[in-house]
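The values are calculated or read from the model by the stated rules, or taken from the named source; none is laboratory data. All values reported here derive from a predicted model rather than from experimental measurement. All Cβ positions, glycine included, derive from the backbone under ideal geometry; neighbour counts span all protein chains shown.
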Amino acid sequence: MDAQLVDQEAVARAVDAIEKALGTDAVLRSRADLDEFRDPFWVLGSDDNDVAAAVMPASVEEVQAVVRIANEFKVPLWTVSTGRNYGYGGASPRVPGSILVNLSRMNRVLEVNSELGYAVVEPGVRWFDLVDVLEDHGGEWWSSIPDLGWGSVIGNSLEYGRGHTRIGSHAENVVGMEVVLPNGELMRTGMGAMEGNRAFHAYPFGFGPMVDGLFFQSNMGIVTQIGWRLMKRPEKYASCWVHFDGDEIIVPVIDAMRELMLDETINNYPFLGRGVAANAEGRPDLDPNSQKWALRFALYGYDEIVEAKWRIVERVLGAIAGVEIGHKMYDGTDRVGPLDGIHDDKVQAGIPGMELLDLYKVPFGPDTGHLDFSPVGPLIGAEVLKMIRMVRSMYEEFGEPYAAGCMLLPNSILVVSVMFFDPKDAEKTKRIYDNYDPMLKRIAAEGYGLYRSHIFKMDAVAATFDFNNHAYLRFVETIKDAVDPNGILQAGKQGIWPQKLRAQRGR
Ligand SMILES: Cc1cc2nc3c(=O)[nH]c(=O)nc-3n(C[C@H](O)[C@H](O)[C@H](O)COP(=O)(O)OP(=O)(O)OC[C@H]3O[C@@H](n4cnc5c(N)ncnc54)[C@H](O)[C@@H]3O)c2cc1C
C-alpha cells in the first residue's frame with residue numbers, strides 16, 4: 001500500500017475537529033492506546049496497518065459529526081462496532097493511516113419485543129450484553145450467537161457472520177436498519193423509511209428496492225441500529241453429534257444431513273470439524289493431526305417433537321456404516337449448570353462464551369494467530385469431499401496441518417479451514433498469508449468463491465468474482481462513487497475502491 005496515500009496533516013486537522021465536536025474522551029491518539037486496534041493475527045509489532053487515531057462517538061449525532069468532518073477534510077474512516085473481527089483483520093483498516101471509528105460506546109439494547117421476538121440494538125452491543133438483557137427479560141427468547149461472545153451483533157451480522165442455532169444465518173436476522181450515509185445523512189431502511197412506522201423491525205421489506213444488502217460487507221454507510229430476530233426458547237433442546245474416522249464417510253453423512261435439513265427434521269446450522277471439533281464428551285478438542293471427523297447439530301422443540309426427531313435422526317444417520325452417534329437432552333431453561341464450559345452445547349443454545357479462543361491458543365501459546373480459508377460449495381456429499389480433498393492437498397503441499405470447521409446450510413456448505421501460526425515469527429506469518437493466493441486461484445478455477453476474507457486478501461477475492469468482465473464490481477463501484485464521492489468510508493473493503501483510490505487495488 002502506498003505510504004503517502006493518506007494526507008496525514010489533513011487527518012491530524014480532522015481529528016482535532018472531531019475532538020472539538022465529541023470531547024477529548026472520545027479520541028485516542030497515543031501509540032499505546034492505538035496498539036489495541038492492531039490485527040493480533042498479523043506479524044506481532046508490525047505497524048503495517050496502523051490507524052492514525054481512534055474516535056469513539058457515543059450517539060448517532062456524533063457519528064454524523066465524524067462523517068461530516070471526514071468529508072470536509074477528505075480523510076478516510078474505517079468503522080468497527082467492537083473490532084473483534086479476529087481472523088479477518090481485527091480492527092485494522094484496509095488503508096493505513098485511516099481514522100478508526102469505534103462504535104463500542106453505542107452499546108444500548110434499545111428494545112426487546114417479547115411478543116414479536118426481536119431486539120433493537122446499537123453497534124456496541126456484544127453477544128454477552130444482549131443475552132444478559134434477554135435473561136433479564138425472563139429468558140423466553142434466545143439469540144443466535146457465534147463462537148465467541150465478545151464481538152458485536154451488528155459487526156458480526158454485517159460480515160455475513162454465522163451462529164449455530166435455528167436462526168444462525170445472522171445476516172438474515174437483520175430486520176430494518178438505521179444508517180449514517182457517507183454524506184452524514186441518516187436513513188432508515190424497509191418500513192423504517194416511513195416516519196413512525198409500526199412494523200420497522202417486524203417486516204423485512206419496504207416499498208421499492210431492498211437496499212439493506214448494500215450495507216453488508218460494504219463501505220456504503222455506518223450502521224447505527226438494527227432490528228434483530230430472536231428464537232423462542234424451546235421446551236427441549238438436544239445437542240447431537242456424529243463421529244467417524246476417514247474422509248469417505250463424509251459423502252453419505254453430508255447427503256443424509258441435506259435430506260434431514262431440507263425436510264426440517266434438523267433446523268439449526270450444523271458444524272463439521274476435524275482438528276477443531278468436539279470430542280466424545282462434547283468438549284472441543286483441538287488437534288490438527290487428528291484423522292477424526294466430528295459433526296454436531298441440534299434439535300429443538302416440545303419434548304415429544306425432539307424425541308421423535310431424534311428417533312428419525314438415529315434411524316437415518318445410524319444406518320451409515322462407520323459412524324457413531326449420540327445426543328444429550330437439555331431443558332430450554334438450562335442456561336447455566338449442565339452446559340457450563342461445554343462449548344458445543346452452549347453455542348447451539350445461544351449461550352455466549354470464550355472457550356474456543358482459549359482452545360485456539362493451544363498450537364503456539366497466547367499469541368497464536370490463524371487465517372481462515374473459506375470457499376462455499378453446494379451441499380452434495382461427493383462435491384464436499386472433492387473440495388475438502390482439494391483444500392487439504394494444498395495444506396499438505398505447504399507443509400501445514402489441516403484443520404477444518406465447515407458450516408452446513410440446507411443447500412450449501414462453507415468449507416472453512418484454518419491455518420495456525422505464531423505471529424512472533426514474521427517470516428512464517430508472511431508465508432501463511434502468501435500461501436493463501438495460490439489456494440484462492442486454484443479453488444476459484446474449480447468454481448468456488450469465498451464467503452469472507454482477511455482485509456489483505458479482499459482485492460484478490462473480489463477479483464475472482466469475474467462474471468462478464470467483473471460486471472458486479474463495476475456496478476457496486478458505480479454506486480460507491482455516487483454515494484461517497486470523497487471516498488471517505490472504508491476504502492478497499494471487499495475490494496470496493498472509491499474513484500480517487502482505485503489505483504490502490506491489489507497493492
Ligand atoms: C476462535 C474464533 C471463533 C470464531 N467463530 C466465529 C463464528 O462462530 N461465527 C462468525 O461469524 N465468526 C466467528 N469468528 C470471527 C469473528 O471473531 C467474529 O465474527 C466477530 O464477532 C467479529 O467481530 P465484531 O463483532 O467485533 O466485528 P467488528 O470488528 O466490529 O466488525 C467487523 C467488520 O464489519 C464492518 N462493520 C462493523 N460495524 C459496522 C457498522 N456499524 N457499520 C458499518 N460497517 C460495520 C467493518 O468492516 C468491520 O471491520 C471467530 C473468530 C475466532 C478467533
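Descriptive notes on the structure:
- Residue in the stretch 361-376 that is among the basic types (Lys, Arg) and modelled with pLDDT of 95 or more present: no
- Enumeration of residues in the stretch 282-322 that are at pLDDT 95 or above, buried (at least 16 other Cβ atoms within 10 Å of the Cβ) and of a type in the set (Phe, Trp, Tyr): Phe297, Tyr300, Trp310
- When we screen Asn183, Asn197 for residues that are more than 16 Å from the ligand (Cβ to nearest atom), part of a loop (DSSP other than H, G, I, E, B) and of a type outside the set (Val, Ile, Thr), the only hit is Asn197.
- Taken together, Ala21, Ala70, Ala26 contain a single residue that is among the hydrophobic types (A, V, I, L, M, F, W, C) and either within 11 Å of the ligand (Cβ to nearest atom) or buried (at least 23 other Cβ atoms within 10 Å of the Cβ) (or both), which is Ala70.
- In the set (1) over 21 Å from the mean Cα position of the chain (by Cα); (2) more than 23 Å from Ile388 (Cα to Cα), the condition left unmet by Asp434 is number (2).
- Matching residues in the stretch 373-383 - criterion: being away from the ligand (no atom under 12 Å from the Cβ) and within 22 Å of the chain's Cα centre (by Cα): Phe373, Pro375, Val376, Gly377, Pro378, Leu379
- The residue that is farthest from the ligand (Cβ to nearest atom), counting only those in the stretch 132-170 that are crowded, with 20+ Cβ neighbours inside 10 Å and assigned to a helix (DSSP H, G or I), is Leu134.
- Summed over the stretch 359-372, the residues that are outside any loop (DSSP other than H, G, I, E, B) and either of a type in the set (Gly, Ala, Ser) or near the ligand (Cβ under 9 Å from one of its atoms) (or both) give a count of 4.
- Here Gly350 fulfils each of the conditions (1) in contact with a Leu (Cβ under 9 Å, 6 or more places away or on another chain); (2) part of a helix (DSSP H, G or I); (3) modelled with pLDDT of 95 or more apart from (2).
- Members of the stretch 253-281 that are assigned to a strand (DSSP E or B) and at pLDDT below 95: Gly273, Arg274, Gly275, Val276, Ala277, Ala278
- Among the residues of the stretch 331-358, the one identified as more than 14 Å from the ligand (Cβ to nearest atom), hydrophobic (A, V, I, L, M, F, W, C) and either under 18 Å from the mean Cα position of the chain (by Cα) or surrounded by fewer than 17 Cβ atoms within 10 Å (Cβ to Cβ) (or both) is Val336.
- Ala91 being among the aliphatic types (A, V, I, L, M), assigned by TED's automatic domain parsing to the domain that holds Asp7 and touching a residue at least 12 places away in the same chain (Cβ under 8 Å): yes
- Pairs, first aromatic (Phe, Trp, Tyr) in the stretch 73-84, second away from the ligand (no atom under 13 Å from the Cβ) and not in a loop (DSSP other than H, G, I, E, B), C-beta under 8 Å, six or more apart: Phe73/Ala10; Phe73/Val11; Phe73/Arg13; Phe73/Ala14; Phe73/Ala17; Trp78/Ile99
Rundown of residues vs (1) within 21 Å of Gln490 (Cβ to Cβ); (2) of a type outside the set (Asp, Glu), yes/no style:
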{"site": "Gly176", "(1), (2)": "no, yes"}
{"site": "Leu181", "(1), (2)": "yes, yes"}
{"site": "Ala202", "(1), (2)": "no, yes"}
{"site": "Asp212", "(1), (2)": "yes, no"}
{"site": "Ala238", "(1), (2)": "no, yes"}
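- Strands (runs of 3 or more DSSP E) contained entirely in the stretch 393-471, each with at least 3 residues that are in contact with a helix residue (DSSP H, G or I) (Cβ under 9 Å, 6 or more places away or on another chain) and within 25 Å of Leu359 (Cα to Cα): 403-408, 417-421
- Enumeration of residues in the stretch 95-111 that are more than 9 Å from the ligand (Cβ to nearest atom), surrounded by 20 or more Cβ atoms within 10 Å (Cβ to Cβ) and not small (Gly, Ala, Ser): Val95, Ile99, Leu100
- Residue match in the stretch 396-404 (condition: in contact with a strand residue (DSSP E or B) (Cβ under 6 Å, 6 or more places away or on another chain) and away from the ligand (no atom under 16 Å from the Cβ)): yes
- The set of residues in the stretch 458-476 being under 23 Å from the mean Cα position of the chain (by Cα) and either within 24 Å of Val180 (Cβ to Cβ) or not small (Gly, Ala, Ser) (or both) consists of Met458, Asp459, Val461, Thr464, Phe465, Tyr472, Leu473, Val476.
- When Gly492, Gly487 are checked against the criterion of being at pLDDT 95 or above, within 15 Å of the ligand (Cβ to nearest atom) and either among the hydrophobic types (A, V, I, L, M, F, W, C) or surrounded by 15 or more Cβ atoms within 10 Å (Cβ to Cβ) (or both), Gly492 stands alone in meeting it.
- The stretch 469-486 residues that are closer than 11 Å to Leu214 by Cβ, paired with ones that are modelled with pLDDT of 95 or more (beta carbon under 6 Å, 6 or more apart): Val476/Ile496; Lys480/Ile496; Lys480/Pro498; Val483/Pro182; Val483/Met220
- Conditions (1) in a loop (DSSP other than H, G, I, E, B); (2) away from the ligand (no atom under 14 Å from the Cβ); (3) aliphatic (A, V, I, L, M); number of the one not met by Ala119: (1)
- Total residues in the stretch 201-234, condition more than 11 Å from the ligand (Cβ to nearest atom), part of a loop (DSSP other than H, G, I, E, B) and in contact (Cβ under 8 Å) with a residue 40 or more places away in the chain: 5
- Residue count for the stretch 485-507, restricted to those that are among the charged types (D, E, K, R) and within 25 Å of the chain's Cα centre (by Cα): 3
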